[in-house]
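Chemist: Mind having a look at this structure? Questions to follow.
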Amino acid sequence: MTNPLEPDRATRDLYAEEVLALMHEWYEGVETLDATGVDLDEETLKSFRAPPTEKGRSLEEVLSVVREAGIPGTYHPSGGHMSYIPNAGLYTGAVAEFLSAGLNRYTGVATAAPGFSAIEHGVVGWLCSLFELGEDSGGLLLSGGSMANFTGIVTARHAKLGNDFSEGVVYVTRHTHHSATKATRLAGIRSDQVEIVAVDQNLRMDVDQLEKHIELDRAAGRVPFLVIASGGTTDTGTVDPLRGIREVADRHDMWMHVDAAYGGFFQLTDRGRATLDGISTADSVALDPHKGLSVPFGVGALVVKDEAALVDAHLGRGAYLRDEDSYLGVRDIASLGPELSRPFRGLTVWLPLQLHGIAPFRDALDSSLDLARHGFDRLRGIDGLETPWEPDLSIVAFRFEDDDMGVAALQAVNEDRRVHLSPTVIDDRFVLRFAILNRRTTSDHVDHAIDIIEKTLIG
Ligand SMILES: Cc1ncc(COP(=O)(O)O)c(C=O)c1O
């Protein structure tokens, strides 16, 4: 009997065909897919936890579980998905992951797969040039924005404070993504070492307040070392005043990290580049290909001005590894971040970009900016709504004169299922938001949700 772990050619073809059939089912319906599925009962949900059997079962049976398990929840591939931060997904990103998982080469150390490591360094180099970080720049691909923020913060801590960081202080605003403040904790920084700087009426970090805070802290013997700016907040897509923050950081010899996990790829567009002005002065930038480029979930990026700082913070060698951490000029990716074993994420970004070129990605981002403008223009003309924040990028946040009305409108939109929205709270007020980043989102989706909101307001 053949070893089932080594399927022959005919079986491999069959597996691929069955999986492709499920993918086709999905892709053929995606243009008209609602944003929300239907709930399953608790018993069915429990059934998905069934442990494996000794002898296994057919792929057909296994895929039928996958098909059913995919039914409930919100559908990121749907153009109606405008909640949280969208990600439509990308067929060619999935093809790249099938290939990289199938080839299963190891990209932690360069000697194991120097060519593949070079491909990944090439992707990172392209990102560094996108932000004009200079010739000493570098970076790596990680699992997402959370890990990119974490790795950036560890690098800043190490570069500015070395081993004794007990008096170090980090500055954020209340709109900084929670993954950044969580990352400070993971980096061994106590919560009383994280200071919240006030924002102005446009929800941007107040640069004067930042400087005052730093001066007071220094006078008290504390050591300000890191300011985390947002290159597009999750709540409202707001970009902090990056140039002003850089000037303050320079005056106090501090590291400036920009969390651009959501907004970073707008740098590909003219409007985004203008809005993100100053991002090239950052010491480190987190940005997510699994948001702005819509590759499958699991690919974030950290780019830094000085690659040596990443290496200083993360280099680790064991006797079982070669002494040098590079091979023919290709550096071990493991020396740049927390992971040793890692998937070949470079291919997930590289293959679609090489195949399609940059233009369709730029066009998709430009169209998100247009749709946000369209949504904002319609919303600001509606009685009973307040639109205090012009969108910097592609998130349109608005509130209701009566918060309860906002809760009712959200419920009405989401119960309809075609569009899915998620709320937030700003200044103790209930705020709804259209987060537009899915290339399948059209003005029909935006208008559909606004029509429901209007109907709720009229009663
Ligand atoms: C601004 C910002 N930073 C960080 C993150 C965390 O990214 P991830 O979910 O990829 O870990 C997000 C997620 O939405 C985000 O919007």
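Read-outs: derived from the displayed coordinates by stated rules, not from any lab. Predicted model, so just to flag it, every value in this text is computed and none were measured. Here the Cβ positions follow ideal geometry from the backbone for every residue, glycine too, while neighbour counts run over all protein chains shown.
Chemist: Let's see if you can work this out: charge +1 on each Lys and Arg Cβ, -1 on each Asp and Glu Cβ, no other charges. What is the dipole magnitude of the chain about its Cα centre, in debye to the nearest 20?
Modeler: Details: 42 positive and 70 negative charges, 191 e Å.
Magnitude of the dipole: close to 920 debye.
Chemist: Only loop residues by DSSP count here, and only those with at most 10 other Cβ atoms within 10 Å; note down the GluC sites (Glu not before Pro) in the stretch 131-228 that meet that.
Modeler: Numbers: sites: 132, 135, 167, 195, 211, 215; in loops: 132, 135, 167.
Passing both the DSSP loop test and the Cβ count: 135.
Chemist: What does the helix-only formula give at 222 nm for the chain: each DSSP H stretch with n ≥ 4 adding -39500 (n - 2.57), the total divided by the residues, and the result rounded to the nearest 500 deg cm²/dmol?
Modeler: -13500 deg cm²/dmol
Chemist: Semi-axes of the equivalent ellipsoid of the chain: what are they in whole Å, largest first, if each equals the square root of 5 times a C-alpha gyration tensor eigenvalue? Working shown, then result.
Modeler: Values: eigenvalues 250, 228, 75 Å².
They are 35, 34, 19 Å, listed largest first.
Chemist: Can you tell me the Rg and the Dmax, both Å, for the Cα atoms in the stretch 193-328?
Modeler: For the stretch 193-328, the Cα radius of gyration and maximum Cα-Cα distance read 17.3, 56 Å.
Chemist: Lys and Arg at +1, Asp and Glu at -1: add these up for the other residues within a Cβ distance under 13 Å of residue 364 and post the number. Spell out each step's value before the answer.
Modeler: Details: positive: 291, 362, 439, 440; negative: 363, 366, 370.
My count for the surroundings of residue 364 gives +1.
Chemist: I've got another one for you. Just add up the charged neighbours of residue 311: K/R +1, D/E -1, any other residue whose Cβ is under 9 Å from the Cβ of residue 311.
Modeler: Result for the local shell: -2.
Chemist: With both bridge residues required to lie in the stretch 98-356, what share of the DSSP beta bridges run antiparallel, to the nearest 5%? Please list the in-between numbers first.
Modeler: Details: 13 of 28 bridges.
About 45 percent, rounded to the nearest 5.
Chemist: Could you run the Karplus curve 6.51 cos²θ - 1.76 cosθ + 1.60 with θ = phi - 60° over the stretch 196-203 and give me ³J(HN,Hα) per residue in whole Hz, x for Gly and Pro?
Modeler: For the stretch 196-203, the Karplus curve yields 9, 8, 5, 10, 7, 5, 8, 6 Hz.
Chemist: Below 12 angstrom from the Cβ of residue 295, what's the summed charge of the other residues (Lys, Arg +1; Asp, Glu -1)?
Modeler: Around residue 295, the charge tally is 0.
Chemist: Using each residue's phi in the stretch 60-70, evaluate 6.51 cos²θ - 1.76 cosθ + 1.60 at θ = phi - 60° and report the 3J(HN,Hα) Karplus result to the nearest Hz, with x for Gly and Pro.
Modeler: For the stretch 60-70, the Karplus curve yields 4, 5, 4, 5, 5, 5, 4, 4, 6, 5, x Hz.
Chemist: To continue, here is another question. Using all alpha carbons of the stretch 9-86, what is the percent of pairwise distances in each 5 Å bin, ordered from the shortest bin to the longest?
Modeler: Calculated P(r), rounded to whole percents: 3, 12, 18, 19, 19, 15, 9, 4, 1.
Chemist: Also: Could you give P(r) for the stretch 98-356, binned at 10 Å from zero, as whole percent values over all Cα-Cα pairs?
Modeler: 7, 32, 35, 19, 6, 0
Chemist: Go ahead and run the numbers for FRET between residue 5 and residue 319, Cβ-Cβ distance against an R0 of 56 Å, rounding to 0.05.
Modeler: Numbers: r = 32 Å, r/R0 = 0.57.
After rounding to 0.05, the efficiency reads 0.95.
Chemist: For residue 415 and residue 201, what is the calculated FRET efficiency with R₀ set at 41 Å and r taken between the beta-carbons, to the nearest 0.05? Intermediate values should be presented prior to the final figure.
Modeler: Working: r = 34 Å, r/R0 = 0.83.
The calculated FRET efficiency here is 0.75.
Chemist: Pull up all non-local amide H partners of residue 143: gap of 5 or more, or a different chain, and H-to-H distance under 5 Å with H placed in the peptide plane.
Modeler: The answer is 300.
Chemist: Same structure again: Under 8 Å for C-alpha pairs, at least 6 residues apart: give me the relative contact order for the stretch 65-209, rounded to a whole percent. Please report the intermediate quantities before stating the final value.
Modeler: On the way: 96 pairs, mean separation 18.5, N = 145.
About 13 percent, as a whole number.
Chemist: Computed from the mean reciprocal separation of all distinct C-alpha pairs, what Kirkwood hydrodynamic radius does the stretch 124-178 have, in Å?
Modeler: Details: mean 1/r = 0.0754 Å⁻¹.
One decimal place: 13.3 Å for the Kirkwood radius.
Chemist: Okay, moving on. I'd like to know which of 130, 266, 83 lies farthest towards the positive end of the charge dipole of the chain, counting +1 on Cβ of Lys and Arg and -1 on Cβ of Asp and Glu.
Modeler: Most positive-ward Cα: 130.
Chemist: Treat the stretch 359-458 as a sphere of radius equal to its Kirkwood radius over Cα pairs and apply Stokes-Einstein at 4 °C in a medium of 1.567 mPa s; give the translational diffusion coefficient in µm²/s, rounded to a whole number.
Modeler: Taking Rh from Cα pairs, D becomes 95 µm²/s.
Chemist: To continue, here is another question. Report the Stokes-Einstein translational diffusion coefficient (µm² s⁻¹, integer) for the stretch 90-152, Rh taken as the Kirkwood radius over Cα pairs, at 10 °C with viscosity 1.306 mPa s.
Modeler: For the chosen part, D equals 119 µm²/s.
Chemist: Describe numerically, in nm with one decimal, the distance between label points set 7 Å from Cα along Cα→Cβ at residue 106 and at residue 57.
Modeler: Label at residue 106, label at residue 57, 3.6 nm between them.
Chemist: I'd like the antiparallel share, as a percent to the nearest 5, of DSSP beta bridges with both residues in the chain.
Modeler: Working: 26 of 42 bridges.
Roughly 60 percent of the beta bridges in the chain run antiparallel, per DSSP.
Chemist: Under a 5 Å amide H to amide H cut-off, with H placed in plane at 1.01 Å, what residues pair with residue 426 once short-range neighbours are removed?
Modeler: 431
Chemist: How big is the gap, in Å, between the Cα center of the stretch 88-150 and the Cα center of the stretch 262-293?
Modeler: First find each Cα centre; the distance between them is then 17 Å.
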